[in-house]
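Below is one structure, written out as structure tokens; the observations come after it.
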């Protein structure tokens with residue numbers, strides 16, 4: 001497994017989670033305004049989680065690259 005496949009896996013995982021959450025909200029038995037509010041909150045939560053994960057991946061890649069250069 002190369003270094004890029006790990007990043008691709010997490011990107012796919014995040015996209016799958018976003019799509020799953022969106023579909024779940026579309027079929028939820030709530031009114032439109034309630035659903036939009038919930039989608040907005042969940043989207044912000046997913047964005048924060050994705051940002052944290054991307055930061056971890058970047059740090060790990062930089063650490064690996066720095067180790068390889070030595």
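The values are calculated or read from the model by the stated rules, or taken from the named source; none is laboratory data. Source: prediction; values computed, not measured. Neighbour counts are summed over all protein chains in view; Cβ atoms, including those assigned to glycine, are modelled from backbone coordinates with ideal geometry.
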Take region 29-52 and flag every residue that is closer than 17 Å to residue 16 by Cβ and either touching a helix residue (DSSP H, G or I) at 6+ places or on another chain (Cβ under 6 Å) or at pLDDT 90 or above (or both).
39, 42, 46, 50
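On the basis of being more than 13 Å from the chain's Cα centre (by Cα), surrounded by 10 or more Cβ atoms within 10 Å (Cβ to Cβ), modelled with pLDDT of 80 or more and farther than 18 Å from residue 8 by Cβ, does residue 58 make the cut? So that I can check it myself, show each step before the final result.
Working: more than 13 Å from the chain's Cα centre (by Cα): yes; surrounded by 10 or more Cβ atoms within 10 Å (Cβ to Cβ): yes; modelled with pLDDT of 80 or more: yes; farther than 18 Å from residue 8 by Cβ: no.
Judged against the criteria, residue 58 is not a match.
Can you tell me how many residues within region 14-28 are in a helix (DSSP H, G or I) and either surrounded by 13 or more Cβ atoms within 10 Å (Cβ to Cβ) or in contact with a helix residue (DSSP H, G or I) (Cβ under 7 Å, 6 or more places away or on another chain) (or both)? Full working, then the answer.
Let us first name the residues in region 14-28 that are in a helix (DSSP H, G or I), namely 14-26.
Cutting the leftovers down to either surrounded by 13 or more Cβ atoms within 10 Å (Cβ to Cβ) or in contact with a helix residue (DSSP H, G or I) (Cβ under 7 Å, 6 or more places away or on another chain) (or both) gives us 14, 17-18, 21-22, 25.
So the answer is 6.
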